[in-house]
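Have a look at the structure below, then the notes.
Each reported figure results from applying straightforward, stated rules to the coordinates on display, with no laboratory input. From a predicted model like this one, the values you see are computed outputs, not experimental measurements. Cβ sites come from the backbone with ideal geometry, for glycine too, and all protein chains shown count toward neighbours.
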Amino acid sequence: NAGVTQTPKFQVLKTGQSMTLQCAQDMNHNSMYWYRQDPGMGLRLIYYSASEGTTDKGEVPNGYNVSRLNKREFSLRLESAAPSQTSVYFCLRQRGETQYFGPGTRLLVL
Amino acid sequence: RKEVEQDPGPFNVPEGATVAFNCTYSNSASQSFFWYRQDCRKEPKLLMSVYSSGNEDGRFTAQLNRASQYISLLIRDSKLSDSATYLCVVAGGNKLVFGAGTILRVKS
């Protein structure tokens, strides 16, 4: 998967549960992103990180937190999952025109 | 108004046909432009960058019109394997903004 791994691949949560989606890259790219993809809505940016230790909100950050403690990893946390957060989550690493997505995490919140 | 807009399709075309997709964007300060391809239940993959002078990669041609704020993708001699969703992407600063995608179905 072009050097981007995401875990877990699938997850079912109950409303109110918390979880962390992990993303790791094996290249030294500064920029990493978290997107969610929903039918008819396309890919919407949740958070992004231009470099280690920095994060910024995207279009739909509510209900999420992120952490970029090192260059390699960018995690996405749901503190209290809601059914509206049922989606497919993709992590992206980027350096200029070199851009690769991870395989995605499919999340179902009941 | 969405930052990046695409016709969702689907575009149903026979093998061998030429098909074109357009995408409009609202931020005139956008700096970079790309087309991605996404197959069902898979992650999107970068298809090609789009340059002001236009660029070609085999059967695929991408064009950028900054004055009118749109980009296009032309696929010649469509193959069955071209069936996918095509996503337009606009970049500015540190953000990549995706369109919702255009569905292409190539039929034999």
Hey, B:Ser49 hits all of (1) more than 10 Å from chain A (Cβ to nearest Cβ); (2) in contact with a strand residue (DSSP E or B) (Cβ under 6 Å, 6 or more places away or on another chain); (3) of a type in the set (Ser, Thr, Tyr) but one; which does it fall short on?
(1)
Please find, among A:Gly63, A:Gly42, the residue that is surrounded by fewer than 19 Cβ atoms within 10 Å (Cβ to Cβ) and of a type outside the set (A, V, I, L, M).
A:Gly63
Scan region A:1-28 residue by residue and report those that are within 9 Å of chain B (Cβ to nearest Cβ), among the hydrophobic types (A, V, I, L, M, F, W, C) and assigned to a loop (DSSP other than H, G, I, E, B).
A:Ala2
Within region A:29-74, considering only strands (runs of 3 or more DSSP E) that don't extend past its boundaries, which have at least 2 residues that are at negative phi, free of Cβ contacts under 8 Å to residues at least 24 places away in the same chain and not basic (Lys, Arg)?
A:42-51, A:54-57, A:65-67
Run B:Gly93 past the list (1) out of contact with any strand residue (DSSP E or B) (no Cβ under 8 Å at 6 or more places or on another chain); (2) more than 10 Å from chain A (Cβ to nearest Cβ) and report the number of the one that doesn't hold.
(2)
When residues of region A:90-101 are filtered for being over 14 Å from B:Arg41 (Cβ atoms), touching a residue at least 60 places away in the same chain (Cβ under 8 Å) and either within 9 Å of chain B (Cβ to nearest Cβ) or surrounded by 22 or more Cβ atoms within 10 Å (Cβ to Cβ) (or both), how many remain?
6
